[in-house]
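The values are calculated or read from the model by the stated rules, or taken from the named source; none is laboratory data. This is a predicted model, so every value here is computed, not measured. Note that we place each Cβ from the backbone using ideal geometry, even for glycine, and neighbour counts take in every protein chain shown. For accessibility, only protein heavy atoms count, side chains too; no ligands or nucleic acids. Shrake-Rupley method; radii C 1.70, N 1.55, O 1.52, S 1.80 Å.
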Amino acid sequence: MKSYIPNFLTLLNVLSGCIATVFAVLNHLEWAALFVFIGIFFDFFDGLAARLLKVQSEIGLQLDSLADVITSGLVPGVVMFQLLSMAERGGWNLGFIGHDAEITLLPFIGFAITLASAYRLAKFNVDENQVSSFVGLPTPANALLILSMPMILLYHNNEVLSNIILNPWFLVVLTVLSSYLLNSPIKLFALKFKNWSFKDNGIRYLFIIGSLVLLLTLRFLAIPVIILFYVLASLLTPSEK
């Protein structure tokens, strides 16, 4: 029975992604973000459970990536679509495209994130070297980056930040940057602990502690800062074998 536990957790990630997609389509982006966070939680613990129970399998690997395509690929694409739609219409709007709304091409650029995420996950599945490190930004980290934008709009109540986030050029650049980082050759450390010693996991402990401090002080604004910190820390840290 224990061999089914990790896959069950992965399926909970799929379910979370499906629910998040519905909320993103309805433009309830705070609820979409919540279920993406829940999905990423299951995404982290399904792999941990598989390692602890020693039941890693090929089907588990494939199922995990299929789940991530939804939770960390499709949902960020829909969210970016909504943000670009808002930017065109000059502010927050409820609901997806209405029957009487003008359809423009710009918001569809957001789905470049979904395409880049799917391609990144396909590459990950056939790359046997991404164990203690990643090549390119992991899709869950990228999803958190994109989902942080509407959360900053909703909960930081800062006119300057709102004007930046709802600027179409900013969103297009963020989409391009996001798509590039997902498939870039940059090596990034993984939050996988082979043991609990500080000597072998110093960068991981520092990253987790620093991230918690930033989240407590900056709230949702901390997420883009944490992603930047993650990339810079990885570039400055020798690659693990």
*Being modelled with pLDDT under 90 and within 20 Å of the chain's Cα centre (by Cα) narrows it down to one of L236, L191, so name that one.*
L191
*For region 153-179, what are the residues that are among the hydroxyl-bearing types (S, T, Y), touching a residue at least 24 places away in the same chain (Cβ under 8 Å) and surrounded by 14 or more Cβ atoms within 10 Å (Cβ to Cβ)?*
T175, S178, S179
*asked:* If I go through region 48-72 residue by residue, how many of them are modelled with pLDDT under 95, polar (S, T, N, Q) and in a helix (DSSP H, G or I)?
replied: 2
*Would you mind finding the one in F229, F170 that is at pLDDT 90 or above, within 26 Å of E88 (Cα to Cα) and among the hydrophobic types (A, V, I, L, M, F, W, C)?*
F170
*Only one of these is in contact with a Ser or Thr (Cβ under 7 Å, 6 or more places away or on another chain), open to solvent by less than 90 Å² (accessible area, probe 1.4 Å) and modelled with pLDDT under 95: I203, I223. Name it.*
I203
*For region 48-72, how many residues are exposed (fewer than 15 other Cβ atoms within 10 Å of the Cβ) and either within 12 Å of the chain's Cα centre (by Cα) or on the phi > 0 side of the Ramachandran plot (or both)?*
1
*Tell me, please, whether a residue that is crowded, with 20+ Cβ neighbours inside 10 Å, assigned to a helix (DSSP H, G or I) and of a type in the set (K, R) can be found in region 122-131.*
no
*Residue ID - farthest from L137 (Cα to Cα), chosen from residues in region 26-47 that are open to solvent by 50 Å² or more (accessible area, probe 1.4 Å) and either of a type in the set (A, V, I, L, M) or not in a helix (DSSP H, G or I) (or both)*: L26
*Would it be correct to say that V75 is touching a residue at least 60 places away in the same chain (Cβ under 8 Å), assigned to a helix (DSSP H, G or I) and either open to solvent by 10 Å² or more (accessible area, probe 1.4 Å) or within 22 Å of F124 (Cβ to Cβ) (or both)?*
yes
_Residue in region 4-17 that is nearest to Q56 (Cα to Cα), counting only those that are open to solvent by 60 Å² or more (accessible area, probe 1.4 Å) and not aliphatic (A, V, I, L, M)_ = Y4
